[in-house]
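Heads up: the structure comes next, in structure tokens.
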Amino acid sequence: LASALYKLNSSQHGAAIMIGAGFSRSAAHHVSGEKMMPLWNDFSKKLAAELNPNDSDLSFLDPLRVAEEYRAYFGQAAFNDRIRSDIDDNAWRVGKLYKPLLELPWSEIMTTNWDTLLERAAKDVHRPYYTPVTQPSDLAWAPSPRIVKLHGTIGITETFICAQEDYRTYPTKFAPFVNFARQVFLENELCLLGFSGDDPNFLQWSGWVRDHLAGHARKIYLVGALNLTAARRKHL
């Protein structure tokens, strides 16, 4: 990974990183000093409890299905407001882990996070200089390296990718992001940080690369305290 990151081998394009909510949970600080950034499962349980207040067993939830039902019942505007309220982007501050992460020479940074912490942290990093990309049209002008917000951004976009229908229509509505991600996967070693690797878009893109490159596909490094079982590790 280090060799690819610093392009020590002339055959390597570099290394890209995909950052998930686990990184924000570890690195961000709430103004109260008491809260931790909610993970996707935490958010899903809140939605499910609001939909079915009498159901105490929330251990077998399908998060995408729950989000879809919540949106169908309460409406898109209420769903977006719930996301903004739960994340409460203005109440979070950049922690000390952001700067050293961004000072590494990533070829591209991708994230599924809705918060703006990466973009805020990047303002204090001048080498490399990262360009934020919050919507597909930004790809037409934004130079690399970029921080690409694949699933929406609080305060900027009105679309947050988190429900079944969002993933089903993503290849059509966000085709430039799909093509961008595939190209990144093709050319770079990839590091996943605070990211479980279960995201349907990620599985589709990495599967597409394997289908076309087989044994020549670039390596993907899954980094985290994941407590993987032997079977899970073998599967990955």
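Excluding ASP124 itself, calculate the net charge of residues whose Cβ lies under 14 Å from the Cβ of ASP124, where each Lys or Arg counts +1 and each Asp or Glu counts -1.
+4
Projected onto the charge dipole of segment 67-153 (+1 at Lys/Arg Cβ, -1 at Asp/Glu Cβ, origin at the Cα centre), which of SER107, VAL125, GLY95 gives the Cα projection farthest towards the positive end?
VAL125
Nearest 20 debye, what's the magnitude of the dipole of the chain about its Cα centre given +1 on Lys and Arg Cβ and -1 on Asp and Glu Cβ?
Here the chain has a charge dipole of around 840 debye.
Could you give the size of the charge dipole of segment 168-236 about its Cα centre, using +1 on the Cβ of each K and R and -1 on the Cβ of each D and E, expressed in debye and rounded to the nearest 20?
160
Keeping all protein chains in place, calculate the accessible area per residue for segment 1-92 (probe 1.4 angstrom), answer in Å².
Per-residue accessible area for segment 1-92 comes out at 56 Å².
Can you give the charge dipole size of segment 1-129 about its Cα centre, rounded to the nearest 20 debye, using +1 on the beta carbon of Lys and Arg and -1 on the beta carbon of Asp and Glu?
600
Beyond a 32 Å Cα-Cα separation, which of these cross-linked pairs lie in this structure: LYS45/LYS219; LYS7/LYS99; LYS96/LYS173; LYS35/LYS173; LYS149/LYS219; LYS7/LYS35?
With Cα atoms farther than 32 Å apart: LYS45/LYS219; LYS96/LYS173; LYS35/LYS173; LYS7/LYS35.
For LEU192, enumerate residues with amide H under 5 Å from its amide H, sequence gap 5+ or separate chain, H modeled in the peptide plane.
Residues meeting the criterion, in which the H sits 1.01 Å from N, are MET18, TYR221, LEU222, VAL223.
Looking at segment 118-161, which chymotrypsin sites (Phe, Trp or Tyr not before Pro) are DSSP coil and have at most 16 other C-beta atoms within 10 Å of their C-beta?
TYR129, TRP141
Local charge sum around GLU189 (other residues, Cβ-Cβ under 10 Å, Lys/Arg +1, Asp/Glu -1)?
+1
What does the charge count near VAL94 come to, summing +1 for each Lys or Arg and -1 for each Asp or Glu among other residues with Cβ under 13 Å from its Cβ?
+1
With a 1.4 Å probe and every protein chain kept in, tell me what percent of the accessible surface of segment 155-229 is carbon plus sulfur.
Ligands and nucleic acids excluded, carbon and sulfur reach 53 percent.
With a ≥ b ≥ c the root eigenvalues of the C-alpha gyration tensor of segment 109-229, is it rounded (a/c under 1.5), prolate (a/b larger than b/c) or oblate?
Here segment 109-229 falls in the rounded category.
Work out the charge dipole of the chain with +1 on the Cβ of Lys and Arg and -1 on the Cβ of Asp and Glu about the Cα centre, then indicate which of CYS191, ILE156, TRP205 is farthest towards its positive end.
Checking the options against the dipole of the chain, the answer is CYS191.
The values are calculated or read from the model by the stated rules, or taken from the named source; none is laboratory data. For clarity, every value in this text was computed on a predicted model and none was experimentally measured. Please note: Cβ atoms are built from the backbone with ideal geometry, for glycine as well, and neighbour counts cover all protein chains shown. These area figures cover heavy atoms from the full protein model, side chains too; ligands, DNA and RNA do not enter into them. Shrake-Rupley method; radii C 1.70, N 1.55, O 1.52, S 1.80 Å.
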